[in-house]
Structure formats: structure tokens, C-alpha cells
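The values are calculated or read from the model by the stated rules, or taken from the named source; none is laboratory data. All of these numbers come straight from a predicted model, not from anything done at the bench. Methodologically, a virtual Cβ is constructed for each residue, glycine included, from the backbone with ideal geometry; neighbour enumeration extends over all protein chains shown. The accessibility values were calculated without ligands, DNA or RNA, using every heavy atom of the protein model including side chains. Shrake-Rupley method; radii C 1.70, N 1.55, O 1.52, S 1.80 Å.
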Amino acid sequence: MAEDKKVEKKKAAVTKLDKAKKAYDPKEATICEATRQMLEKSQRDGVETAYDRAFDMKACPIGADSACCKHCSMGPCRLNAKDPYGKVGVCGATIDTFQARNFARMVAAGAAAHTDHGMSMLDVFREVVKGEIKDYKIKDPVKLESVAQSIGIETEDRTVGEIAMDLYEELERTYTQVEGEIPFMKRVPEKTLETWRKLGIVPRGSMREIMEMMHRTHMGVDQHYENIARQFSRTALSDGWGGSMVATEISDILFGTPTPVQADVNMGCLKEDMVNIIVHGHEPNLFETMLVSVNDPALVESAKEAGAKGINLCGMCCSGAEMLSRHGIPHAGNFMSTEPILITGAVDAMAVDVQCIKQGLASVAKCYGSYLFTTNPRCHIEGAEHIEFVEHDPKACTDEVVVKAIARFKNRTAKVEIPNIKNAGIHGFSHEYIEYMLGGTFRASYWPLNDNIINGRIRGIAGVVGCTNPRVKHDWVHVEMVKELIKNDVLVLQTGCSQISLAKAGLLTPDAAYMAGDGLAEVCETVGMPPVLGLGSCVDNSRILIAASAVVKAGGLGESIADLPAAGAAPEWMSEKAISIGQYFVASGVYTIFGVTFPVTDQTKFKNLLFQGMEDQGLGKWDFAVDPYEMAHKMIAHIDKKRSALGIDKARERVLMSMDDRRTLE
Ligand code: MSK
């Protein structure tokens, strides 16, 4: 008992800020005004956040270079990044083996997170189709048909139920297939697939790929960095073209394919006089049911009886991005704002499911008397209350969260301070909507996009995605890099926390076209679209892959994804999922640049493989820079290199010919 008390005392010490210590400057930590305001308040209140911890604790330099190995108890071993080939591990493993194995395990963990998410969605879909889950239904039968057709399932004269069951059985192979190619390989451009077949990296089911990846990186198994790299490419592809793609497509079928919707982002979405509930995480089921609960007349009445004007529901991180895209639900902030929002004192309950949930939320929530509820059996947090979310009776969980949030509202003691900042924007672009927006209902096509790339109005396409990270100025790298890209006529597609960074900076509105170069601005003004298109959550990077395939198939820009004038970036990444995403972009043929830090040792064969060798094999390649302008210009240089290879490096204006002109031609 005395021991328990000691532990509790220690815990309190680490969550309460030592005001005597030199603190970081919130103005230097973020460009998000709302987050800054809350960080200043956290310092006044003596509450510690990830910003304090990042300031206090330097990243481990050996780990940052990926120069350590703890795969067995003969070690852990560490090598010298300054002299990478001067030493080997106790077993004889070289620096290249160290790095390749570490990188591979990051890919495996990231891929596992996305594919497990996708598999959960598929489980829900199966139970809906069988009639066992009644709270959800197939909301988008048109998408159901088109996904089924894309992988060769017969749809004519068949019921929705029949198509759906076939689709379930087929997509289950995305996870369980022991040999042969997974279903969505049918969507990959032929030449890209040919390259993968030649390299032996066409993915089987993700369970097999991830299992093999973990086996190969066990002590004493695969000790050739090139062979390990082939398997981590295959594992990453089983995520992007497998697990993540299933998550996106099934979520669209069940909950609706996003179409553009105007919505607000930022902490000003909280309302002092209402019961505020935040949903944070990744799987849309919890949030979809929470939406039902907060609109339940009995619960709304109960909130009013407690003195509130009603119940206010907001999203954060990728759960938030899903609901922002599908329903226009306000989004309160990205990953590095999840602790700061609790400092408002206005959050009555935060319900979380999986991924990117900081353990530190529990102590910050406790400081302000807010509830933090975990809901998923895979994610419990010490100090948070767990209310299990069960899809067969989903409202039981969400109703309980609402009831407790109402009780907290009634007994709020924390002083409330909500930053009065909201930013409107247009969200909810899908690859289907991009096709419709550019081509129209009767001639939906990617050709107008390709035509504008060929004629040079649009220089190229960039996918800017990923997290935020306290090791760099929050939101700043995303925003500056994207501004530089659009200024240079690069159309930007976004997902995840990056999309929210740009939405807060006002770039997800058609008006932002004024910041774009003349060519891109002309296209945006003609179509009425923003120069930055938000495609949803981090699993929705699969939408970018599908769009890239559609661009190849529309013609005129080469035969494989590697031929496209396109680039990818995660300027403030932090998670293993980001590494898996980066690797499936690279393996798909995309030049991909990361910021913050990159887990390799310089001047090693492994780094060279990632940064050049993969491109030589017909894939894309990795790159790294910290400065946002340098990152943007590296991407632009790659786009220009591809334009030149395609012979479209000189802008070609489309000439409208009169009959006289035509006669002259003849
Ligand atoms: S939530 S993985 S911080 S994008 Fe998808 Fe944001 Fe990165 Fe998590």
C-alpha cells in the first residue's frame, strides 16, 4: 500500500510541471494560435504535455541513426554512426542489417495497424451483410457495385446482399491469402504490376507478409539488407493496396463515399454552453454511433436538464477526418493538439479507439476533470475509464459516454477557456469525386486533369500527408511546404493530420487559389476547387493510390505510377504507420520525402538503397530534408525530371482551331 502511494506520488510529479525548470516557448512550438494559447495556459496551470517532454528529453542519437539492435540478449548492441563499418554486433550483424531490420519492423508495425483497422471494418461489413449487426447498413450501394466490379465480381441482375457477400469473401483474401496475388492487384497499372512481379514483391495476404517480415527480422534469419528490403516493400504494399484500401472502400460502402462539404476546424468548434464530446482515433464505427447518440432526443433533453444548450460533437485526428469528410462534423485539431484541447477545460468527454492516442492524455484529462474513455479492446490506458464498444450493440457504449459527459458538464469545476478560432474549408474529396468534378456526370474522367498536366497549367501532383510532431514547429512545416508547392503550380492532395494543418491555415477553400501559380489558379477557378484537396484519414492514402492509377489509365502520362510527375511527403511524420505509408508510396513508384528525422545512418549501403537503389529498380525513392522550402523544391525538381522524361517539359497551350485553320493543316 505504501509502495502504491509512492508510485502515485511519482506519477503526480511527472504530470505536474516543475515551474522552476526552463520551459520551452509556445510561440516557437506551434503556429496554431489555438494550440499556442492552450500551451501558454498549460504552463500557467503547471500541466505537462508532450511539448514539455520533447523539450526536456533529447531523442536518443543512436536510435535516431538506427545504429542499435536489441533483437537478442547478446546485446543490445550499438554501432558508431560516424564509422558505420568500423564494428559489427555480437552476432556479426552489420550496420546495414541493423538498419534494414529496424526499418522492416517499423513497416510491419505500421502495416499491422492499418490492416488490423481494415480487417475490423471487414468484420463489421460481414456482420451487417449477414444481418447480425443492425445499427449499420450499406449506405452506398453504387460504391459497392463499383468496388465489386473493379475486382471482377459479377454484379448484373444480382441483389445487393449477394454482391456484398461475394465482396466480403473476396476481400478477406487481402488478409488471409497464403499464395498468389491479393484482389486489389487488379487495380494496379499493368506496368507497375509487372515491375513488382519481376522483383517478387507482389503482396500475398497481409497476415502472411507481416508474419514473414517478423520472422525474417528475428536474430539469425535474413541478414542481407537487399533481401529484407524486398520483404518490407511487399509488406508495405499489402498495407497500401490491401489493408488500408479495404478500410477505405468498406467504410465508404457502409457509411457513404465523401463528397465536398463545408466544415469548420480548430478549437473554436468547442462550445462553452454545451456538453462537449470529442472522438479521437481511427475507426469510423465509434464515431458514427456517437453521432446517433448525441442526436438521441432523450439524451439531448437530459443535457438541457443539466443546464446545457445541447450536445456538441467534434472530431480529432483521423476519426475526426473521416467524419469531417462524410458528414461535415467539426474537427477540433490534429495529433499535437489532442492534449492542448483538454487544457480548455471545456471537454466533458474524450472517447478514443485506436492509434495515435497519447498515454499523456490520461493525466492531462485528470488535471481538468475531463473524462477520457477508451473503448476498444486493443487499446486500454492506465488511468482512463474503459467502456467497451461492441458493434452488435454499439449505442450501449456511446450512450454511456454521453451520459457521463452530461454529468461532467453539470459538475464542471475547471475554468473554461476556449480559443475563439475556427477555420472554414471544403473537405470530403474522394477519387470518385475528383473524376466527377473534372469530367462531369456524363463524361466523368481523369483526362481533363491529365490534359492540364500535359499542357503545363498543373506542373504535377503532390500527396502531402502524415502526422504532426513536437520535434518540429507544429503545423509550420506542412503549411510552408504546401504553400510553396501550390505557388509552383503543383496540385496538392492531402490526408490525415496534415490536412487539418492546412485547413487551419485556410488553404482548403477555393479562395486559396490566389496563393497558387497562374496555371493552377486558372484550373481551380474554372472548376471552383481549392488548390489543396483533402481526401480524409491516414488509411485514405489509398485514395491517392487509386487516383494515381486512374491518371495512368487515362493516358498521356506514361505507363506506370513511376512515370507520373508526382511526389509524396510527410513533413512532420512521427508514427510507424507513416513509414509503412512512405514505403508503399515508394514501392508504388513515387518519390517520397520525409521531414523531422530519418531512421538511417549516412553513407551506408542501406541508405543508398532507399535513396537511390529502389528508383534504379523501377520503383520510387526516399528522400529527406528538414526545411519546408527545400522539401518543396526537391519535389518540384523530381516532378520536372518526370515531365522532361515524358517530353512535356515545355508548356503546350491548347489551340482552338477554326475551320480555316484546319483547312490550312490539310
Ligand atoms: S492520426 S498516423 S498522427 S496522420 Fe491518422 Fe495523424 Fe499521423 Fe496519427
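Multiplying the residue separation of residue 298 and residue 134 by 0.36 nm and subtracting their alpha-carbon distance yields 57.0 nm.
Considering all different alpha carbon pairs of the range 382-533, the Kirkwood hydrodynamic radius works out to 18.4 Å. Rg/Rh for the range 535-651 (Cα atoms only, Rh after Kirkwood) is 0.96.
Please give the per residue accessible area of the chain, computed with a probe of 1.4 Å over protein heavy atoms only, in Å².
Averaged over the residues of the chain, the accessible area is 39 Å².
Among the chymotrypsin sites (Phe, Trp or Tyr not before Pro) found in the range 392-485, those both in a DSSP coil and sparsely packed, with 12 or fewer other Cβ atoms within 10 Å of their Cβ, are 442.
For a paramagnetic label modelled on residue 82 (point 7 Å from Cα along Cα→Cβ), amide N atoms under 15 Å away belong, within the range 601-636, to 602.
Indicate, rounded to the nearest 5 percent, the antiparallel portion of the DSSP beta bridges found entirely in the range 261-410.
Just about 5 percent of them are antiparallel.
Short-range pairs are left out: with C-alpha atoms under 8 Å and at least six residues apart, the relative contact order of the range 261-410 is 29 percent. A DSSP coil position with no more than 12 other Cβ atoms inside 10 Å describes none of the chymotrypsin sites (Phe, Trp or Tyr not before Pro) in the range 166-241. Taking other residues whose beta carbon is less than 12 angstrom from the beta carbon of residue 381, and scoring Lys, Arg as +1 and Asp, Glu as -1, yields 0. For residue 33 and residue 514, the FRET efficiency from 1/(1 + (r/R0)^6), where r spans their Cβ atoms and R0 equals 22 Å, is about 0.50. Site pair residue 215 and residue 259 shows an inter-label distance of 4.8 nm when each label is modelled 7 Å from Cα along Cα→Cβ. Considering only DSSP beta bridges where both residues belong to the chain, give the percentage that are antiparallel (nearest 5). Beta bridges within the chain, antiparallel portion: roughly 20 percent. For the range 95-255, the relative contact order is 41 percent, taking Cα pairs closer than 8 Å that sit 6 or more residues apart in sequence and dividing their mean separation by the residue count.
Loop-located trypsin sites (Lys or Arg not before Pro) in the range 382-431 (DSSP state not H, G, I, E or B) with no more than 12 neighbouring Cβ atoms inside 10 Å: 415. A 31 angstrom limit on the alpha carbon distance is what I want to check against. Which of 483/621; 58/87; 27/483; 70/198 exceed it? From 483/621; 58/87; 27/483; 70/198, over 31 Å: 70/198. Note: relative contact order over the chain, using C-alpha pairs below 8 Å and six or more positions apart, is 16 percent. Please identify which residues in the range 340-365 have an amide N closer than 16 Å to a label point set 7 Å out from the Cα of residue 56, following the Cα→Cβ vector. Hits in the range 340-365 for residue 56 at 16 Å: 359-365. Given +1 at the Cβ of Lys and Arg, -1 at the Cβ of Asp and Glu and no other charges, the dipole of the chain around its Cα centre is 2020 debye to the nearest 20. Summary of the geometry: the range 146-209 and the range 573-613, compared by the centres of their Cα atoms, lie 27 Å apart. With all protein chains in place and a 1.4 Å probe, the accessible surface of the range 429-646 carries 51 percent carbon and sulfur. Pairs exceeding a 31 Å alpha-carbon distance, out of 143/642; 143/607; 41/634; 41/358; 130/422: 143/642; 143/607; 41/634; 130/422.
Expressed as a whole percentage, what fraction of the accessible surface of the range 95-255 belongs to carbon and sulfur atoms when a 1.4 Å probe is rolled over the protein heavy atoms? Don't skip to the answer; put the middle values down first.
Details: 2960 of 5860 Å².
Of all accessible area on the range 95-255, carbon and sulfur atoms account for 50 percent.
Placing a label point 7 Å from the Cα of residue 630 along the Cα-to-Cβ direction, the residues of the range 473-493 with a backbone N closer than 19 Å are 473-485.
For the pair residue 91 and residue 273 in one chain, pulling the backbone fully straight at 0.36 nm per residue adds 59.2 nm over the alpha carbon distance. Using equal-weight Cα scatterers in the Debye expression, the normalised intensity of the range 106-188 in log10 at q = 0.11, 0.15 Å⁻¹ is -0.32, -0.60.
Cα-based radius of gyration for the chain, normalised by 2.2 N^0.38 Å, reads 0.96. Among residues other than residue 494 with Cβ under 15 Å from its Cβ, the summed charge is -3 (Lys and Arg +1, Asp and Glu -1).
Among 71-82, 355-366, 339-350, 141-152, the peptide with the highest mean count of other Cβ atoms within 10 Å heads the list, and the full ranking is 339-350, 355-366, 141-152, 71-82. P(r) for the range 95-255, from all Cα pairs and a bin width of 10 Å, is 11, 37, 30, 15, 6, 1 %, short bins first.
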